[in-house]
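Novice: Please find one structure pasted underneath; my questions will follow.
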There are 4 protein chains.
Amino acid sequence: MRIGFIGLGSMGKGMAANLLRAGHEVRVWNRSLPAVEQLVRQGATAAGDPGEAFDAEVLISMLADDAVTRAVLIDSGALASSKPGLIHLSMATLSVEFIEELAVLHESVGAQLIAAPVFGRNDLAEAGKLNIAVGGPATAIARVQPLLDVMGQKTWPMGEDPVNAAILKIATNMMLISAIEATGEAMALTQSYGVGNSDFVEFITNTLFAAPAYKVYGPKIAARETEGAGFTLRLGLKDVGLALKAGEPNHVSLPVASVLRDNLLDAVALGEGESDLAALGVRAIRRSGQE
Amino acid sequence: MRIGFIGLGSMGKGMAANLLRAGHEVRVWNRSLPAVEQLVRQGATAAGDPGEAFDAEVLISMLADDAVTRAVLIDSGALASSKPGLIHLSMATLSVEFIEELAVLHESVGAQLIAAPVFGRNDLAEAGKLNIAVGGPATAIARVQPLLDVMGQKTWPMGEDPVNAAILKIATNMMLISAIEATGEAMALTQSYGVGNSDFVEFITNTLFAAPAYKVYGPKIAARETEGAGFTLRLGLKDVGLALKAGEPNHVSLPVASVLRDNLLDAVALGEGESDLAALGVRAIRRSGQE
Amino acid sequence: MRIGFIGLGSMGKGMAANLLRAGHEVRVWNRSLPAVEQLVRQGATAAGDPGEAFDAEVLISMLADDAVTRAVLIDSGALASSKPGLIHLSMATLSVEFIEELAVLHESVGAQLIAAPVFGRNDLAEAGKLNIAVGGPATAIARVQPLLDVMGQKTWPMGEDPVNAAILKIATNMMLISAIEATGEAMALTQSYGVGNSDFVEFITNTLFAAPAYKVYGPKIAARETEGAGFTLRLGLKDVGLALKAGEPNHVSLPVASVLRDNLLDAVALGEGESDLAALGVRAIRRSGQE
Amino acid sequence: MRIGFIGLGSMGKGMAANLLRAGHEVRVWNRSLPAVEQLVRQGATAAGDPGEAFDAEVLISMLADDAVTRAVLIDSGALASSKPGLIHLSMATLSVEFIEELAVLHESVGAQLIAAPVFGRNDLAEAGKLNIAVGGPATAIARVQPLLDVMGQKTWPMGEDPVNAAILKIATNMMLISAIEATGEAMALTQSYGVGNSDFVEFITNTLFAAPAYKVYGPKIAARETEGAGFTLRLGLKDVGLALKAGEPNHVSLPVASVLRDNLLDAVALGEGESDLAALGVRAIRRSGQE
């Protein structure tokens, strides 16, 4: 398939490479060039501007957030001049509000929007083992299914509205961050009475909380491993903000998310924005005066 | 082994039955008689008062909370008149403060206290498949290990201090309740945008949150299944209270637990105390005006 | 002075009438006509559209929020076609972000923006007894000072940046709403032990909290007087949202405001949006199951 | 009147001195001697132990908290051996639970308990200008009214139950601490946009919040004046704890108090326990990275 791919960050790079490996024709665009060159060496062609990437059957975007996506896709004029029939597979974590705005813009140019946010970090992106939630028109999804199968281990259909997939991603990230805070609070408590952090993590991740969220972050919190972030506190703050904002029009209060937001704001204010999300749990321990 | 067993509630009954089945000599005491009679039919002997149950090599207690345990074990005079050398296996969820008080009392009569709180609901108690955290003197634990093996699928040693096991139980319950609240908040959000509750639960329990805590409570919240409680909101409030209280002397703040406490207090105030813990998640949905 | 006045709601009506009474020439515009007609009877002239009101030395705007102000002042084209030298006295409660946007737009057309949010309810607006915080260029403020003196009992200068006055208003409203919640929580507690609500209010408003915020809302909460709202829960939610939003770029966490937001969202979700702000305090009492 | 006075801390000293000045016969007891000697120089007699102070018409106690009061009044045996007819005027801030326990103990020895917690700092205690809430049997209150009039500027009757006065004190302190936090949050916000802290305090304490609570703490927060504490963070944490605890049996949730508790715990954990309560507001500013 002729694919345009915009956004070759740590996730996008692996995803695009898998599409190339599966034999697709991929034209890539990225703000900074080294990533483009790397993909070109793997068989991609380079788009001179975002608009060139839109000249495709399927455009995949994987940019940092609403603002960057807006700048690259909308403000550049690329979306406005896209050809009718284009399918846009939006795989980043974007706000519900922006997805709604995008859906309207796509309709006005005869393009189809699918929201297909991904779950997993770099290693899973490279291995083609992401989980992918997907929301959009059924026929369009059917057409891109082979691409989703290349990038992910499983596709989770959430309905015909792109917003459905977007909110699933937002809600799940909120749950992940709340799991990290809860683990940190629990560890602050058990440590203060002398339980070893690794005994604690060993226990919870083999019993009630034997799940990836805890298996990834539990040991990191226990080891105070907050560098080398795949998922930074700054991004976590952004995502909790997306959840709170999405709740507003529907009057959904999220008191645990409010606590997370306040803690993340404090962390970012004090210079921890680029630390790994595990640092949220470590803060829970340190604010009690424990090391 | 000659065992005294005090507290034949929904958990204790199954645990005592397993000890009988394994060939131990068990003398049981319970406030209400039907449970005693049931165990007697399974081969137990009935103790006329708590003190009689103390006339054993190992006394196991599995009572509702600090207050009941205090009444039955201390105020009755049973502990004070126990024989030197007795091992007391305390398997209920008790406060750190009370465990510390019990430890002193045991020392003064030459008995040994092991805290061995259990994880799992009635069905696992009956099946002998509980997880058991254990804190206490190593030699005493070694002696009761055969009993732990009969009641549980695995023993998790937390050190020589009974408090270590007690705080592990308290912290884990706090995490469980916070997982339920977070799941409810996430579902309130996704539902408000049209995602099906079962699609949501299916997704999270097969990806990031593929763990018992979520597999048990996710579907219950999705189905608004809040009756037939193994673990009630009232007990949840008690357990969150144990966590907050345990944090105080060590200056450990637990902001998520504070949110849980407030929500649970409101629920109990409005008459939901006997609902299943899943009702906490359901409240998160209902307070947004959704059914 | 030749004044354009846009926004004749419950506050604007009284403010415009005072300007007329002081001998100023006032051209008014309002979305619904009855208020216009009422002011015309008091000596105002009616503007056919917002742009006509801009044909003045000083334009005063007193609209509901960012969105309405944007629609009436910007989207209508009125601001873009204003004459150089115009002073715009913006007296509504607007977001920091929008004030910043407005300031840029004003500069581009050679107009001057003063933010002059007001403190006080309808009765004080009618009596010309408002407190007015003011931020903007000193020379412009000097020119409109006579108008501020007519509408207010006192002007509180906050500096040359309109944002300074805007954030003062937002922060003060946040404090007011938090005072109402705190009063409600305190009353829930004292009432639950049998203290009379009016004894409580009498005490606090004559001792530590002998201030307007408490003297206005304390008796209302005590009397469960939540109708006839000057300041509704919906507006309160909007204002707390302005505070939280303003904190974000500067990484200022506001944990009490987060609690207020969650409670206000719940109230609005359950249909209390048009109740008086006092209803927030009443909710604190009712959620404990007390009437 | 023949008065026993127990507890000559910073408050008690001034109160006892006023009673002496008014011509009463005062026998004082205090844990440390210098304060006793000071009062003796002013005309008091020294009690050799707490029990001697009980040999009086009215016993006044003004000790730090439940624990100290329990040690000095109960564990010493003083209360148990008091003579029938004694009136005990308990003026400290004590828990509801402990007041209830005291009431029962008093009844059993034929003494009468009045809770009469005081509002105001040292200077008001010395000047005899405290506000005094009072709960207890009407006839007993009538008898001690002359003493209350000497120590306070006004007595606020709350009913016949000592608990009524105790809970009023607890709830008011909770409100005070929440006012300090809210002021700090507001100042963090306004300062981050360039508003001067003293402009802010000047404004609020002359408009909506023109009350002692804000006039005392606003300027302190603005000036980062956190030393020389009359009321420390440690005491504030204790008092918020009294409020939360008092809410429990009546299922009264206090979400703002929960936020205060968490912040105060963090402050104490990090070594700020002996700072003035104003430090809570300063923390709200500093956690945003501002000085």
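Novice: Out of all the residues in the stretch B:207-243, which are among the hydrophobic types (A, V, I, L, M, F, W, C) and more than 17 Å from the chain's Cα centre (by Cα)?
Specialist: Within the stretch B:207-243, B:Leu208, B:Phe209, B:Ala210, B:Ala211, B:Ile221, B:Ala222, B:Ala223 qualify.
Novice: Applying the selection to the stretch B:214-250, what residues are touching an Asp or Glu at 6+ places or on another chain (Cβ under 9 Å), among the charged types (D, E, K, R) and either closer than 23 Å to D:Val259 by Cα or modelled with pLDDT of 95 or more (or both)?
Specialist: Selection gives B:Lys220, B:Arg224, B:Glu225, B:Arg234, B:Lys238, B:Lys245.
Novice: On to the next question. What's the number of the condition C:Ala171 fails, among (1) more than 13 Å from C:Tyr217 (Cα to Cα); (2) more than 13 Å from the chain's Cα centre (by Cα); (3) at the interface with another protein chain (Cβ under 7 Å from one of its Cβ atoms); (4) not hydroxyl-bearing (Ser, Thr, Tyr)?
Specialist: Failed condition: (2).
Novice: Continuing with this model, one more query. What tally of residues in the stretch D:125-164 results from selecting those that are under 24 Å from D:Leu254 (Cβ atoms) and touching a Ser or Thr at 6+ places or on another chain (Cβ under 9 Å)? Explain how you work it out, then say what you get.
Specialist: First, the residues of the stretch D:125-164 that are under 24 Å from D:Leu254 (Cβ atoms): D:131, D:133, D:135, D:156, D:158-159, D:161-164.
Checking the rest, the ones that are also touching a Ser or Thr at 6+ places or on another chain (Cβ under 9 Å) come to D:131, D:133, D:156, D:158, D:162, D:164.
Summing the residues that are under 24 Å from D:Leu254 (Cβ atoms) and touching a Ser or Thr at 6+ places or on another chain (Cβ under 9 Å) in the stretch D:125-164 gives 6.
Novice: Would it be correct to say that D:Lys215 is surrounded by fewer than 20 Cβ atoms within 10 Å (Cβ to Cβ) and more than 23 Å from D:Ala92 (Cα to Cα)?
Specialist: Taking the combined requirement at face value, the residue satisfies it.
Novice: Identify, by number, the condition in (1) in contact (Cβ under 8 Å) with a residue 12 or more places away in the chain; (2) over 23 Å from the mean Cα position of the chain (by Cα); (3) surrounded by 20 or more Cβ atoms within 10 Å (Cβ to Cβ) that B:Ser198 doesn't meet.
Specialist: (3)
Novice: Condition first: more than 18 Å from A:Gly14 (Cβ to Cβ) and part of a strand (DSSP E or B). Now tell me which residues in the stretch A:134-161 satisfy that.
Specialist: Within the stretch A:134-161, A:Val134, A:Gly135, A:Trp156, A:Pro157 qualify.
Novice: Also, I was wondering about something else. Is it the case that C:Gly136 is more than 10 Å from every other protein chain (Cβ to nearest Cβ), surrounded by 19 or more Cβ atoms within 10 Å (Cβ to Cβ) and at positive phi?
Specialist: It is true that C:Gly136 is more than 10 Å from every other protein chain (Cβ to nearest Cβ), surrounded by 19 or more Cβ atoms within 10 Å (Cβ to Cβ) and at positive phi.
Novice: Residues to consider are B:Ala186, B:Ala179, B:Ala267; find the one that is more than 11 Å from chain A (Cβ to nearest Cβ), of a type in the set (A, V, I, L, M) and assigned to a helix (DSSP H, G or I).
Specialist: Going through B:Ala186, B:Ala179, B:Ala267 in turn, just one is more than 11 Å from chain A (Cβ to nearest Cβ), of a type in the set (A, V, I, L, M) and assigned to a helix (DSSP H, G or I): B:Ala267.
Novice: Identify all residues within the stretch A:3-25 that are among the aliphatic types (A, V, I, L, M), over 11 Å from A:Leu147 (Cα atoms) and buried (at least 24 other Cβ atoms within 10 Å of the Cβ); write none if there are none.
Specialist: Scanning the stretch A:3-25 gives A:Ile6, A:Leu8.
Novice: Moving on. Can you tell me which residue in the stretch C:150-162 is nearest to the other protein chains (Cβ to nearest Cβ), limited to those that are buried (at least 24 other Cβ atoms within 10 Å of the Cβ) and touching a helix residue (DSSP H, G or I) at 6+ places or on another chain (Cβ under 7 Å)?
Specialist: C:Met158
Novice: Then there's this: Residue pairs, Cβ under 6 Å, 6 or more apart or interchain, first in the stretch C:144-167 and at pLDDT 95 or above, second of a type in the set (S, T, N, Q) and part of a strand (DSSP E or B). List them.
Specialist: C:Leu148/C:Thr155; C:Lys154/C:Asn131
Condition check ((1) surrounded by fewer than 24 Cβ atoms within 10 Å (Cβ to Cβ); (2) within 24 Å of A:Val195 (Cα to Cα); (3) touching a Gly at 6+ places or on another chain (Cβ under 8 Å)) across all residues:
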position: B:Leu94; (1), (2), (3): no, yes, no
position: B:Leu102; (1), (2), (3): no, yes, no
position: B:Leu105; (1), (2), (3): yes, yes, no
position: B:Ser108; (1), (2), (3): yes, no, no
position: B:Ala115; (1), (2), (3): no, yes, yes
position: B:Glu126; (1), (2), (3): yes, no, yes
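Novice: In addition: Look at B:Ala246 and say whether it is crowded, with 20+ Cβ neighbours inside 10 Å, small (Gly, Ala, Ser) and either in the same structural domain as B:Gly184 (by TED's automatic domain parsing) or under 19 Å from B:Ser95 (Cα atoms) (or both).
Specialist: On the way: crowded, with 20+ Cβ neighbours inside 10 Å: yes; small (Gly, Ala, Ser): yes; either in the same structural domain as B:Gly184 (by TED's automatic domain parsing) or under 19 Å from B:Ser95 (Cα atoms) (or both): yes.
Taking the combined requirement at face value, the residue satisfies it.
Novice: Give me a count of the residues in the stretch D:165-201 that are over 24 Å from C:Ala188 (Cβ atoms) and in contact with a strand residue (DSSP E or B) (Cβ under 8 Å, 6 or more places away or on another chain).
Specialist: Residues in the stretch D:165-201 being over 24 Å from C:Ala188 (Cβ atoms) and in contact with a strand residue (DSSP E or B) (Cβ under 8 Å, 6 or more places away or on another chain): 1 in total.
Novice: Every residue in the stretch A:230-243 that is of a type in the set (Gly, Ala, Ser) and surrounded by fewer than 18 Cβ atoms within 10 Å (Cβ to Cβ), please.
Specialist: Once the filter is applied, which keeps residues that are of a type in the set (Gly, Ala, Ser) and surrounded by fewer than 18 Cβ atoms within 10 Å (Cβ to Cβ), the stretch A:230-243 yields only A:Gly230.
The values are calculated or read from the model by the stated rules, or taken from the named source; none is laboratory data. All figures in this text were calculated on a predicted structure; none of them were measured in a lab. Please note: Cβ atoms are built from the backbone with ideal geometry, for glycine as well, and neighbour counts cover all protein chains shown.
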